[in-house]
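Here is the structure we will look at.
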Amino acid sequence: MEFEITEYNNSVATPNNVRPACFDSSYKDRFWVSNHSYSWAATNVFAGPGSSSIGAYADYNDLFDLCSQNSIAIGLKYPKNLSWFGANYDEVILDVLVSAPRGLQSSSVISGNVQTVTSTYCSTPIGSGMSSTDCMGVDDITALWGGSPAGVYNQSTLNISRNWSVPPNRCWYTWDKGTVLEVSVCP
């Protein structure tokens, strides 16, 4: 499972090219924040001592992303190990914090997404030696998906059509399996 924020800038040198063919040595900085050299943390809020690993990783691999997009994604290799809480054990809280260096733009339009990815390639002879950023999501999830409804692998948490930009710092929360959106400006 990956949690992603994407910034957009259609005024880069070659917006429809894919990386690394962006023809600008500073293309990763032509956004409000850069998607390199950032720090991050993923906290399994209800996890106690001896809790199983959630396998959190930063998805630094942006090799085939569009030059006009800059994404920062934090993934969980084992989301099923998130700790549950609540009267009916129906609450899971994952706190994801990213602190990224300032980019060259004064603002960027943003979107948010949560997507399911597979870890099967990480267990292959080739993938087992790779970092999670490179082996997660390599195999097609449609052949492995056992969930319902079939074919739902992504959940938009902030649609690009809202035309939100940063700054100001934006915070949003989704409740009830992503059907309710709560929006606020970050403190």
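The values are calculated or read from the model by the stated rules, or taken from the named source; none is laboratory data. Please read all numbers here as calculations on a predicted model, not as lab measurements. Using ideal geometry, Cβ is built from the backbone for each residue, glycine included, and neighbour counts are taken over all protein chains shown.
Taking the stated definitions as given, is Arg30 touching a Phe, Trp or Tyr at 6+ places or on another chain (Cβ under 8 Å) and among the charged types (D, E, K, R)? So that I can check it myself, show each step before the final result.
On the way: touching a Phe, Trp or Tyr at 6+ places or on another chain (Cβ under 8 Å): no; among the charged types (D, E, K, R): yes.
So Arg30 fails the test.
If I filter the stretch 11-18 for residues that are within 30 Å of Leu82 (Cβ to Cβ), loosely packed, with under 13 Cβ neighbours inside 10 Å, touching a strand residue (DSSP E or B) at 6+ places or on another chain (Cβ under 9 Å) and modelled with pLDDT of 90 or more, do I get at least one hit?
Within the stretch 11-18 (the criterion being within 30 Å of Leu82 (Cβ to Cβ), loosely packed, with under 13 Cβ neighbours inside 10 Å, touching a strand residue (DSSP E or B) at 6+ places or on another chain (Cβ under 9 Å) and modelled with pLDDT of 90 or more), the answer is no, since none of the residues qualifies.
Any residue at all in the stretch 70-88 that is of a type in the set (A, V, I, L, M), closer than 20 Å to Asn44 by Cα and part of a loop (DSSP other than H, G, I, E, B)?
yes
If you go through the stretch 90-127 one residue at a time, how many are more than 17 Å from the chain's Cα centre (by Cα), more than 17 Å from Tyr57 (Cβ to Cβ) and at pLDDT below 85?
Residues flagged as more than 17 Å from the chain's Cα centre (by Cα), more than 17 Å from Tyr57 (Cβ to Cβ) and at pLDDT below 85 within the stretch 90-127 amount to 3.
Filter the stretch 79-96 for residues that are of a type in the set (Ser, Thr, Tyr) and buried (at least 17 other Cβ atoms within 10 Å of the Cβ) and give the result. Quick ask: steps written out before the conclusion?
Step one: filter the stretch 79-96 for residues of a type in the set (Ser, Thr, Tyr), giving 83, 89.
Of everything in the stretch 79-96, just one residue is of a type in the set (Ser, Thr, Tyr) and buried (at least 17 other Cβ atoms within 10 Å of the Cβ), namely Ser83.
Quick one: in the stretch 90-144, which of the residues that are part of a helix (DSSP H, G or I) and touching a residue at least 40 places away in the same chain (Cβ under 8 Å) is farthest from Pro168 (Cα to Cα)?
The extreme case among them is Cys122.
Pick out the one residue from Ala47, Ala21 that is farther than 23 Å from Ser107 by Cβ and either surrounded by 12 or more Cβ atoms within 10 Å (Cβ to Cβ) or touching a His at 6+ places or on another chain (Cβ under 7 Å) (or both). I'd like the intermediate steps shown before the answer.
Numbers: Ala21 fails: either surrounded by 12 or more Cβ atoms within 10 Å (Cβ to Cβ) or touching a His at 6+ places or on another chain (Cβ under 7 Å) (or both).
Answer to the selection: Ala47.
Assess whether Val12 counts as being in contact (Cβ under 8 Å) with a residue 40 or more places away in the chain, out of contact with any His (no Cβ under 7 Å at 6 or more places or on another chain) and farther than 24 Å from Ser132 by Cα.
For Val12, the condition - in contact (Cβ under 8 Å) with a residue 40 or more places away in the chain, out of contact with any His (no Cβ under 7 Å at 6 or more places or on another chain) and farther than 24 Å from Ser132 by Cα - is met.
Rundown of residues vs (1) more than 15 Å from the chain's Cα centre (by Cα); (2) among the aromatic types (Phe, Trp, Tyr), yes/no style:
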| site | (1), (2) |
| --- | --- |
| Phe3 | no, yes |
| Asn10 | yes, no |
| Asn17 | yes, no |
| Phe23 | yes, yes |
| Ala42 | no, no |
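What is the number of the single condition among (1) closer than 21 Å to Ser111 by Cα; (2) within 16 Å of the chain's Cα centre (by Cα); (3) crowded, with 16+ Cβ neighbours inside 10 Å that Asp29 does not meet?
Evaluating Asp29 over (1) closer than 21 Å to Ser111 by Cα; (2) within 16 Å of the chain's Cα centre (by Cα); (3) crowded, with 16+ Cβ neighbours inside 10 Å leaves (2) as the failure.
Return the residues of the stretch 97-127 that are closer than 22 Å to Ile5 by Cβ and surrounded by fewer than 16 Cβ atoms within 10 Å (Cβ to Cβ); say none if nothing qualifies.
Hits for the stretch 97-127 are Leu97, Ser99, Pro101, Arg102, Leu104, Ser106, Ser107.
Considering only the stretch 68-78, state which residues are crowded, with 16+ Cβ neighbours inside 10 Å and of a type outside the set (A, V, I, L, M, F, W, C).
Listed by number, the residues that qualify are Ser68, Gln69, Asn70, Ser71, Gly75, Lys77.
Could you tell me whether any residue of the stretch 53-67 is in contact (Cβ under 8 Å) with a residue 40 or more places away in the chain, buried (at least 17 other Cβ atoms within 10 Å of the Cβ) and over 17 Å from the mean Cα position of the chain (by Cα)?
Yes, the conditions are met somewhere in the stretch 53-67.
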